[in-house]
Amino acid sequence: MVLDDRVMYGLIGTAVSATGAGLSVTEIQAIVSIVVTIAGFIISVLIPVIIKIVKKIKEAKKDGVITDEEKEEIIDTISDGVKEIKDNLPKENKENK
């Protein structure tokens, strides 16, 4: 499965969880649903990007010095990850911003 697919499925799952939070009957159910929705979003969308960044940093630190080229690669990885997340947000969120 491609990373884009995982991000999209993660966002769909988060949207379903948010819908469940909106339909909660009691305040406790609503609070639990919100917490689970946020945790699910973090796990499904942000963790793959964070893992890529950590791998790049570890790779750059192997020789003990982070060169300018390695810094550029890390920055590019961060930029690509942010762009990837933005591109996969549902259209409703894009139109509101």
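Annotations for the structure displayed:
- Residue list for segment 81-97, filter: surrounded by 13 or more Cβ atoms within 10 Å (Cβ to Cβ) and modelled with pLDDT of 75 or more: G81, E84, I85
- Matching residues, segment 20-36, being at pLDDT below 75 and of a type in the set (V, I, T): V25
- Residues within segment 24-46 that are within 19 Å of K83 (Cβ to Cβ) and loosely packed, with under 13 Cβ neighbours inside 10 Å, tallied: 0
- Members of segment 34-67 found to be closer than 13 Å to G13 by Cβ and of a type outside the set (F, W, Y), listed by number: V36, T37, I38, A39, G40, I42, I43, S44, V45
- Filter result (over 14 Å from the mean Cα position of the chain (by Cα) and at pLDDT below 75) within segment 3-18: S17, A18
- Test: residue in segment 23-33 that is touching a residue at least 12 places away in the same chain (Cβ under 8 Å) and either outside any helix (DSSP H, G or I) or of a type outside the set (D, E) (or both): yes
Table: residues versus (1) in a helix (DSSP H, G or I); (2) at pLDDT below 85; (3) of a type in the set (K, R).
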| position | (1), (2), (3) |
| --- | --- |
| I43 | yes, yes, no |
| I50 | yes, yes, no |
| K55 | yes, no, yes |
| E69 | yes, no, no |
| E72 | yes, no, no |
| D76 | yes, no, no |
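The values are calculated or read from the model by the stated rules, or taken from the named source; none is laboratory data. Since the model is a prediction, treat every value here as computed from it, not as a measurement. Glycine also receives a Cβ, built like all others from the backbone with ideal geometry; neighbour counts cover every protein chain displayed.
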